[in-house]
Amino acid sequence: MQSNGKIRIAIQKSGRLSEESISLLGQMGLRFETYQDRLFAPCRDMPIDVLFLRDDDIPEYVQDGVADLGIVGSNVLDERMVRVERLLPLDFGFCSLCLAVPERGGYESVEDLNGKRIATSYPETLRRFLLERRVEAEIVVLGGCVEIAPALKVADAICDLVSTGSTLRTHGLTILETVARCQAVLFGRQDPPEDSSPLKKGATAGLSSSAGRNPRGNTAGQASSGTRTLGNRREESRELIQRLLLRAQAVQEARKYRYVMFNAPADAVDSIKNLLPGCKSPTIVPLADPGFIAVHAMVLEETFWEVVEKLRDRGASDILVTPVEKFMR
Ligand code: PRT
Ligand code: ZN
């Protein structure tokens, strides 16, 4: 939280996560302008500023209280080992951090990398992985274009992010093992260490343990010189962060479902109910024709087609499907 009571959310300025991050914030009800080269955007109706930064800078900014919430790939958080709290996996920016080797290099397992050189931009994550697997290899740290390292004889293998795998194929490399599966994550500051400051204690008290993973309000210096007004502002900010988290969860949850409406023969009601565990149970409305009912239900996106095909087998017709924008349990 800033001293003016506003909170700041840091997202990637321009990169693979930017579009989806902006879209998520929009679905959470944040209204702000975005255009190229913008570093900062105040929200229209809420005391929130959106910061547009390089993803590498975001974890430290959140850890140090420059921003209250951030969105980056879990790979970045794993690598930076910052003291932040992961609040919500966001279901976008999927990729894997993989060890890859030349296709005809004769490597069969990670153990074959003993004594070899591995190029990566993720040295800490790789170091931990190798330690766990008891493999001793030299880590060659590169800022980018890691996939070219084996061809340049800079390294024998690489450890890099893979999404479609086409970059690896282009460079004659193949995956040896997956080190980590990654996706974008919403994260915040960790609770401050316990101390005797009444202001700090009051500031953390408003957080429930289940959702209470909120960024601390301010820097230590600001906290100890806080006033009642500042304390109130902090409390408001904490509540706002909680509300934002709930909204993000509602958007996330909604993305998993489709809302389905259809007509069906009344005598198929039991078998249809079994197909639609939905939230609690489907809404069933009698139609003017007593032989028919209308059914409304939530269906998980991942099982959607399977369920709809079975519904049709049971006589469902006039099937209307809509996306779910928000969903709060
Ligand atoms: O400028 P800034 O520092 O903010 O951005 P950046 O260049 O560091 O990051 P960016 O935008 O490339 O990626 C941001 C995040 O997107 C990463 O931290 C990951 O969490 C996620 N992500 C998802 C990926 C990929 N997919 C991905 N494929 N990040 C990078 N790649 C690269 C990979 O490094 C390799 O060069 O894409 C290439 C492989 O892609 P495929 O499809 O050929 O396998
Ligand atoms: Zn980066």
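Here, each number is a calculation from the coordinates, and none is a lab measurement. Treat the numbers as computed from the prediction; the structure is a model and nothing was measured. Every residue, glycine among them, receives a Cβ derived from its backbone with ideal geometry; neighbour counts consider all protein chains shown.
In which sequence would M261, M328 go, from the one with the fewest C-beta neighbours within 10 Å to the one with the most?
M328, M261
Rounded to the nearest 500 deg cm²/dmol, what is the calculated helix-only ellipticity per residue at 222 nm for the chain, with -39500 (n - 2.57) per DSSP H run of length n ≥ 4?
Roughly -8500 deg cm²/dmol at 222 nm, from the helical runs in the chain.
Given a cut-off of 22 Å, name the pairs among K256/K280; K13/K256; K6/K326; K256/K310; K6/K256 whose C-alpha atoms lie farther apart than that in the structure shown.
In this structure, K13/K256; K6/K326; K6/K256 exceed 22 Å between Cα atoms.
Would you work out which of V140, V110, V185 lies farthest towards the positive end of the dipole of the chain? Charges go on Cβ: Lys and Arg +1, Asp and Glu -1.
So the residue we want is V185.
Would you calculate the separation in nanometres between label points at S14 and N232, each defined as 7 Å from the Cα along the Cα-to-beta-carbon direction?
4.3 nm
Between the stretch 236-256 and the stretch 117-132, how many Å separate their Cα centres?
One Cα centre to the other: 35 Å.
Could you point to the residue in L287, Q27, V269 farthest towards the positive end of the chain's charge dipole, with +1 and -1 charges on the Cβ of Lys/Arg and Asp/Glu respectively?
Highest projection toward the positive end goes to Q27.
FRET efficiency for D56 and I284, Cβ-Cβ distance as r, R0 = 51 Å, nearest 0.05?
Computed FRET efficiency for D56 and I284: 0.45.
In what order do R312, R104, R80 fall by count of nearby beta-carbon atoms within 10 Å, going from fewest to most?
On the way: R312 13, R104 8, R80 17.
With the fewest neighbours first, R312, R104, R80 line up as R104, R312, R80.
List S317, S237, S21 from most exposed to least, where exposure is judged by having the fewest other Cβ atoms within 10 Å. Before the final figure, lay out each step's value.
Numbers: S317 11, S237 24, S21 27.
Going from least to most buried by this count: S317, S237, S21.
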